[in-house]
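Every number here is computed from the coordinates shown, using simple stated rules; none is lab data. Nothing here was measured: the structure is a model prediction, and the numbers come from that model. Cβ coordinates were reconstructed from backbone atoms using ideal geometry, including for glycine residues, and neighbour counts include every protein chain displayed.
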C-alpha cells in the first residue's frame, strides 16, 4: 500500500493542511460502500512549489482501499467530484499526477479525460502530469 504516493509527509505539514472541522475543507469527499469508508477524493489547489504546469490549478487526488480496486468506484467517484467542481468553479482546469508505473491510475486519468502535460522524475520514479480542460457546453 502507498506504493505510488511519493512517501510519507511530516505530521506537522499534514496538520497545517487539514482543518479541525472537515466541513471547512470543501473538495474532500469520503467514498462509502455499505456504510464503510472505502476511499477518499481530494480536490485542492496544487501548491505553488509544485510543477509549474500544475501550480495554482485544482489538483485531483484519490486513495482507495485495495479491496475496492477494480470495481469502478474510483472512476465513478472521481467523475462525480469533477462534476461538483465544474458546478462550483466553472471553467476550472484540473491536474492529476501519478507514477507512470501505476497502470490503474494511468487508465483512470485517460478515462476521466486527462491529457499528458509532462513527465518528470520525483520520489525515485517517473511521474506523469495530466490536465483536464474544462468541458464547455455545446450549443
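Which of the residues spanning segment 49-61 are in a loop (DSSP other than H, G, I, E, B) and either surrounded by 15 or more Cβ atoms within 10 Å (Cβ to Cβ) or in contact (Cβ under 8 Å) with a residue 60 or more places away in the chain (or both)?
Selection gives 50, 51, 53, 54, 57.
Let's see how each residue does on (1) assigned to a loop (DSSP other than H, G, I, E, B); (2) on the phi < 0 side of the Ramachandran plot:
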| residue | (1), (2) |
| --- | --- |
| 44 | no, yes |
| 47 | yes, yes |
| 63 | no, yes |
| 70 | yes, no |
| 76 | no, yes |
| 83 | no, yes |
(message) Checking the condition free of Cβ contacts under 8 Å to residues at least 40 places away in the same chain and more than 24 Å from residue 31 (Cβ to Cβ), which residue from 119, 107 passes?
(response) 119
(message) With the requirement that a residue be touching a helix residue (DSSP H, G or I) at 6+ places or on another chain (Cβ under 7 Å), in contact (Cβ under 8 Å) with a residue 40 or more places away in the chain and within 18 Å of residue 111 (Cα to Cα), what does segment 75-94 give you?
(response) 94
